[in-house]
Amino acid sequence: MRKTIKTLVCSMLGLSMALAQNPQTGKVVRIDPRLDELVSADAKIEKIADGFAFTEGPLWSTEGNYLLFTDVPKSLIYKWQNGQVSVFRDSTNRANGLTFDMEGRLIVCEEQTRCISRIEKDGTRTVLAATYKGKKFNSPNDVIVRSDETIYFTDPPYGLPKADEDTAKQLPYNGIYRIKNGVVTLEEKGMYRPNGIAFSPDESYIYIGNLDSGREVWATYDVTQEGSFKKGFIFDATNYTVKGNPDGLKVDSKGNVYATGPDGIWVLSPEGEHLEGILFPEMPSNCAWGDADGKTLYVTARTGIYRIRMNVAGILPGPKTAAEVIGNKK
């Protein structure tokens, strides 16, 4: 059962103090004994790359065994493999969030062109959606794909110079949408700054982070079999005492939520209980599961890329076998 409201003031103070004591390497702060099942006591946070403007959109390729991530201001998608960084794709229209569809094609949130695009296997670009009812999106931010190929994405105004006040903004809200069989549907328009988005393991509900000072929540929505939102809950609402807001998030195979927020990543149980904080020298923007076993958590944090080994595998986007889909829906 999901909780509706949970404040974490004491936890946040502890996380902030712990980071102050470990500014260079970061730290795992254990709040609940169940954390021992998720990460080993000797797990280390590693910086694997740096020197970027603002990193986002981490995504592990199981087919190519490499990490992709975006540098939004530079309009680049980078590839990290075996310790080496190279440009995977340039002139990306300020790509932000990334994911794979069930055929392994790259799905991209484009801030500059305000659309959702797909990179085909031959490298060509296809625009999947750019408008809703004839009006341009604000600036698509993060995206996921359900096992039936339905695409869900968040659309805050952060890519517009003046956000909600920008004259280029055509929609009167900041929505959460789905694309199914080429048709765009508005699923939610009441969240102020929808940002990170992720499915539960069985795809029965979606988590979304609201990135805005004064309205910080992580919410969850029930998803019907057809794909529409049925009911929404506040999964976690916090009293912020340190810098940072909800941003990107991911879910592990046991349903725990790894949500980037103040000073690091907050690990929350499926019931909304705060289990731990993974702290970093830079404020994280997003995270993704990776490596062959899906047990490494890769983190984009401003100018750097980090990773930490976990004991539980995460949910990797992209092609899945029938057995995997059936297993998650049990």
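The values are calculated or read from the model by the stated rules, or taken from the named source; none is laboratory data. Since the structure is predicted, the reported quantities are computational estimates derived from the model, not experimental observations. Backbone-built Cβ (ideal geometry, glycine too); neighbour counts: all protein chains shown. To get the accessible areas, we keep the full protein, side chains included, count just its heavy atoms, and leave off ligands, DNA and RNA. Shrake-Rupley method; radii C 1.70, N 1.55, O 1.52, S 1.80 Å.
Close contacts from the stretch 284-297, counting a first residue that is of a type in the set (Asp, Glu) and a second that is part of a strand (DSSP E or B), with Cβ to Cβ under 8 Å and a gap of 6+ residues or different chains, come to Asp291/Trp60. Selection of the stretch 222-267 for residues being over 28 Å from Lys295 (Cβ atoms), modelled with pLDDT of 85 or more and either crowded, with 20+ Cβ neighbours inside 10 Å or of a type in the set (Gly, Ala, Ser) (or both) yields Gly227, Ser228.
Would you point out the residue of the stretch 25-66, among those that are in contact with a Gly (Cβ under 6 Å, 6 or more places away or on another chain) and either acidic (Asp, Glu) or surrounded by fewer than 17 Cβ atoms within 10 Å (Cβ to Cβ) (or both), that is nearest to Trp80 (Cα to Cα)? Among those that are in contact with a Gly (Cβ under 6 Å, 6 or more places away or on another chain) and either acidic (Asp, Glu) or surrounded by fewer than 17 Cβ atoms within 10 Å (Cβ to Cβ) (or both), it is Asp50. For Glu120, the stated conditions hold: it is modelled with pLDDT of 95 or more, surrounded by fewer than 22 Cβ atoms within 10 Å (Cβ to Cβ) and of a type in the set (Asp, Glu). On inspection, Ser91 does not qualify as in contact (Cβ under 8 Å) with a residue 40 or more places away in the chain and surrounded by fewer than 17 Cβ atoms within 10 Å (Cβ to Cβ). The residues of the stretch 127-184 that are part of a strand (DSSP E or B) and of a type in the set (Phe, Trp, Tyr), listed by number, are Tyr132, Tyr152, Phe153, Tyr177. Take Trp289 and decide whether it is in a strand (DSSP E or B) and either at pLDDT below 90 or acidic (Asp, Glu) (or both). Spelling it out, it is not the case that Trp289 is in a strand (DSSP E or B) and either at pLDDT below 90 or acidic (Asp, Glu) (or both).
To keep it simple, each residue is scored yes or no on (1) at pLDDT below 95; (2) among the aliphatic types (A, V, I, L, M).
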position: Glu56; (1), (2): no, no
position: Glu63; (1), (2): yes, no
position: Lys74; (1), (2): no, no
position: Ile77; (1), (2): no, yes
position: Arg89; (1), (2): no, no
position: Val127; (1), (2): no, yes
position: Val145; (1), (2): no, yes
position: Glu149; (1), (2): no, no
position: Phe153; (1), (2): no, no
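Name the single residue that is farthest from Tyr258 (Cα to Cα) among those in the stretch 156-203 being of a type in the set (Gly, Ala, Ser) and surrounded by 14 or more Cβ atoms within 10 Å (Cβ to Cβ). Across the stretch 156-203, the extreme among qualifying residues is Ala163.
Looking only at residues that are among the β-branched types (Val, Ile, Thr) and in contact (Cβ under 8 Å) with a residue 40 or more places away in the chain in the stretch 151-170, which one is nearest to Ile208 (Cα to Cα)?
Narrowing the stretch 151-170 to residues among the β-branched types (Val, Ile, Thr): 151, 154, 167.
Next, from what is left, pick out any that are in contact (Cβ under 8 Å) with a residue 40 or more places away in the chain: 151, 154.
Working: Ile151: 14, Thr154: 8 Å.
Looking at residues that are among the β-branched types (Val, Ile, Thr) and in contact (Cβ under 8 Å) with a residue 40 or more places away in the chain, I get Thr154.
Could you say whether any residue in the stretch 30-49 is assigned to a strand (DSSP E or B), closer than 29 Å to Asp148 by Cβ and either at pLDDT below 95 or touching a Leu at 6+ places or on another chain (Cβ under 6 Å) (or both)? Checking the stretch 30-49: not a single residue is assigned to a strand (DSSP E or B), closer than 29 Å to Asp148 by Cβ and either at pLDDT below 95 or touching a Leu at 6+ places or on another chain (Cβ under 6 Å) (or both).
Has the stretch 67-81 got at least one residue that is among the polar types (S, T, N, Q), without any contact (Cβ under 8 Å) to a residue 40 or more places away in the chain, farther than 29 Å from Lys135 by Cβ and assigned to a loop (DSSP other than H, G, I, E, B)? No, that holds for no residue.
Output the residues belonging to the stretch 136-155 that are buried (at least 19 other Cβ atoms within 10 Å of the Cβ) and of a type outside the set (Val, Ile, Thr). Matches in the stretch 136-155: Phe137, Asn138, Ser139, Pro140, Asn141, Asp142, Tyr152, Phe153, Asp155.
Just name the residue that is nearest to Gln112 (Cα to Cα) out of those in the stretch 204-213 that are in contact with an Asp or Glu (Cβ under 9 Å, 6 or more places away or on another chain) and either open to solvent by 10 Å² or more (accessible area, probe 1.4 Å) or free of Cβ contacts under 8 Å to residues at least 24 places away in the same chain (or both).
Taking the stretch 204-213 as the starting set, the residues that turn out to be in contact with an Asp or Glu (Cβ under 9 Å, 6 or more places away or on another chain) are 204-206, 208-211.
So of that shortlist, the ones also either open to solvent by 10 Å² or more (accessible area, probe 1.4 Å) or free of Cβ contacts under 8 Å to residues at least 24 places away in the same chain (or both) come out as 204-205, 211.
On the way: Ser204: 32, Tyr205: 30, Leu211: 20 Å.
Result: Leu211.
Is it the case that some residue within the stretch 50-63 is outside any loop (DSSP other than H, G, I, E, B), in contact with a strand residue (DSSP E or B) (Cβ under 7 Å, 6 or more places away or on another chain), free of Cβ contacts under 8 Å to residues at least 24 places away in the same chain and aromatic (Phe, Trp, Tyr)? Checking the stretch 50-63: not a single residue is outside any loop (DSSP other than H, G, I, E, B), in contact with a strand residue (DSSP E or B) (Cβ under 7 Å, 6 or more places away or on another chain), free of Cβ contacts under 8 Å to residues at least 24 places away in the same chain and aromatic (Phe, Trp, Tyr). Of all residues in the stretch 281-292, those satisfying the criterion of being hydrophobic (A, V, I, L, M, F, W, C) and either in contact with a Lys or Arg (Cβ under 7 Å, 6 or more places away or on another chain) or crowded, with 24+ Cβ neighbours inside 10 Å (or both) are Met283, Cys287, Ala288, Trp289.
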